[in-house]
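Some notes on the structure that comes next.
What follows is calculated from the coordinates using simple rules that are stated; it is not laboratory data. What you see is a predicted model, and the numbers here were worked out from it, not measured in a lab. Quick reminder, even Gly has a Cβ in these numbers, built from the backbone with ideal geometry, and neighbours come from all protein chains shown.
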Amino acid sequence: MTEPMNPDPQQRARPRRRTAVLAGVAAGAAALGTAELLAGILPGASSPIIAIGDTVIALQPPGAKQFVVELFGEADKLLLTLFIAAVALVAAGALGLLARDRPGLARIGFAAFGLLALAASFRDPLSEPLTSFLVAAAAVGVSIAVLSWLMRLTVERATPAVAEMPAWGRRRFIGSSIAVIGLAAGSGILGRTLLERGRLNAVAQVGEVPDPVVSASPPPTEAVLDIPGVSELVTPNTEFYRIDTALIVPRPNLDTWRLSVTGMVDRPFELTYDELTAMPLHDQYVTIACVSNEVGGNLVGNALWRGVRLKELLERAGVQPSATQIVGRAVDGFTAGFPTVWALADEREALVAVAMNGEPLPADHGFPARLIVPGLFGYVSATKWLAEIELTTLEGFDAYWVPLGWSKEGPILTQARMDVPRDGARVDAGTVAVAGVAWAPDRGISGVEVQVDEEGWVAAELSAPISDATWVQFVHRWDASPGDHLLRVRAIDGDGEVQTDERTRPAPDGARGHHTIRVSVS
Ligand SMILES: Nc1nc2c(c(=O)[nH]1)N[C@H]1C(S)=C(S)[C@@H](COP(=O)(O)O)O[C@H]1N2
Ligand SMILES: [Mo]
């Protein structure tokens, strides 16, 4: 007749669902915090979040390649990191729910996530398997301990007769969970800061890069068009675009870093950083560009690179005649490859660069060494954090981006970009400087033309080109009359070839088309 007050003590003692979710999230956060902190402290340990993020980037199906490219911005890298952490915490919350009925299974779940992160870290050539294993094991151990502890808190505080935790017990549980999450977030941030700091210190290890034996004369100052808002002829390092697949900048240790020349060569060899920089260094201005650059985009820059001539390294190794491809391999496993003939052509000076605009290569731009090949898009040539130059055949190997649907060969396409006025700008009637930069490395630029409202093409004034490998600035002084106007620009390369007006997307071999903007004049 009367319902028993307490039909099933076990049942009653189960924590509420949201309590269990919170316990799971706290356990997951503790695991991530532990792993990130250890990754920051232990050399050779990889952060599971970075390892999984790298795997996500690398395993993109070809159809998603544009998505990958869009992930490349710095802010997007942070977003990807936060996204992975969020997914992990949602999964941990689900494991918390599971732990209400099947605590054993929940523990197995946490261990499975540990294994997944470990598997991802094995893809990272910079990580040491044993250290990564210890990090994963520690993270799993901490998560299981935290989960059991928090679940016990909920159960112990619930007397069998009462379904609810008493208020003080709940406060203690929530307080503990929040403390765990806070501590985990703190450790995670600390670990990441240590990791980034370590990477910066690597660059600080080297002082000045030795002087070049062949220097490049600075661009003649009178040749620079001094127009407000136009890209500087030489892009400062801090403003230079950055594109790569690395979620965190690789940090080669200079004591163990080597550059090796291997593969189809008669005399493979390797060099330390000091040996490399003791070779004759050459200075050269080269404009490099990213294949993902949209028409009018800013994934292009011009710098003074100092480095060892690639030809000299190849001669020393003795390239076999059948070696048709040069592959640059980075310490993080990234690869870029291009035809051997491209580097051997007399008019081209490909460099293994060790300095950029007079400073040792910044970490973001490939410290301690990178390839710079005039005329080729970065994804086929400009390997940063270079570890190995391997001679192989074109058929024998597809570098990183090729299986993802990008073209095997990637010469930089002729492009011109207006920097001023900006698209959609309102300007005063009268003389308006229509100005920007144009590039076609290493064919050079012989002319730039501007068109107003689909009328005739008018030649713009050019800055004196530094070389065929660099961009030029241009200006057209336009007599602007009131109204809305369409402005278009096109370049003519050093071979007299006029830039095509056919529009293409960046994939698979670079964006084509004329940069076109609208301005309103009043
Ligand atoms: N190791 C490594 N090198 C790399 C890349 C990369 O993802 N990893 N990206 C390449 C691409 S696609 C470009 S466009 C250039 C960009 O060089 P920057 O970041 O110095 O401008 O680097 C190239 N070198
Ligand atoms: Mo690129």
| query | Taking neighbour Cβ counts within 10 Å as the exposure measure, how do Met356, Met279 sort from fewest upward? | reply | Met279, Met356
| field | Spatially proximal aspartates and glutamates relative to Lys77 (Cα-Cα < 13 Å; intrachain offsets below 8 disregarded) | value | Asp54, Asp244
| request: Tabulate in residue order the Karplus-calculated ³J(HN,Hα) for region 493-502, using 6.51 cos²θ - 1.76 cosθ + 1.60 with θ = phi - 60°, rounded to whole Hz; enter x for Gly and Pro. | output: 7, x, 8, x, 7, 7, 4, 5, 9, 5
| query | Mind checking which aspartates and glutamates have their C-alpha under 17 Å from Lys408, skipping anything on the same chain fewer than 8 residues away? | reply | Glu390, Glu395, Asp398, Asp509
| field | Rounded to whole Hz, the Karplus (6.51, -1.76, 1.60) HN-Hα couplings of region 387-395, x for glycine and proline | value | 10, 8, 10, 10, 8, 8, 10, 5, 6
| How much net charge surrounds Pro482 when only other residues with a Cβ under 15 Å from its Cβ are counted (Lys, Arg +1; Asp, Glu -1)? | -2
| said: As I understand it, the value is the acute angle between the Cα axis of helix 48-58 and the longest principal axis of the Cα atoms of the chain; what does it come to in degrees, rounded to 10? | reply: 50 degrees
| said: Quick check: the angle from helix 167-204's long axis to the longest principal axis of the chain, C-alpha only, nearest 10 degrees? | reply: 30 degrees
| task | Any chance you could list the semi-axes, whole Å, largest first, of the equivalent ellipsoid that the Cα gyration tensor gives for region 215-315, using √(5λ)? | result | 31, 19, 14
| task | Choose one of Ala119, Val249, Val402: the residue whose Cα lies farthest towards the positive end of the charge dipole of the chain (beta-carbon charges +1 Lys, Arg; -1 Asp, Glu; about the Cα centre). | result | Ala119
| note | Quick calc, the chain, dipole around Cα centre from Cβ unit charges on Lys, Arg (+) and Asp, Glu (-), nearest 20 debye, gives 3500 debye
| note | Exposed GluC sites (Glu not before Pro) being those in a DSSP loop with at most 16 other Cβ atoms within 10 Å, the longest stretch of the chain free of them is 1-163
| Over all pairs of distinct alpha carbons, what does the Kirkwood formula give as the hydrodynamic radius of the chain, in Å? | 26.2 Å
| task | Would you work out the relative contact order for region 215-284, in percent, from Cα pairs under 8 angstrom that are 6 or more residues apart? | result | 33 percent
| task | As a check on your grasp of the helix formula, calculate [θ] at 222 nm for the chain: sum -39500 (n - 2.57) over DSSP H runs of n ≥ 4, divide by the residue count, round to the nearest 500. | result | -11500 deg cm²/dmol
| field | From the C-alpha gyration tensor of region 246-379, square roots of 5λ in Å | value | 22, 19, 15
| said: Restricting everything to alpha-carbon atoms, can you work out Rg to Rh for region 279-346 with a Kirkwood hydrodynamic radius? | reply: 1.01
| Percentage of interatomic Cα-Cα distances in region 389-522 larger than 28 Å | 29 percent
| Taking H as built 1.01 Å from N, whose amide H comes closer than 5 Å to the amide H of Glu388, not counting residues under 5 places away? | Ser260, Arg329
| When the Karplus curve 6.51 cos²θ - 1.76 cosθ + 1.60 is applied with θ = phi - 60°, which whole-Hz ³J(HN,Hα) does each residue of region 288-293 get, with x for Gly and Pro? | 10, 9, 9, 4, 7, 4
| request: Report Rg(Cα)/(2.2 N^0.38 Å) for region 303-427, keeping two decimals. | output: 1.18
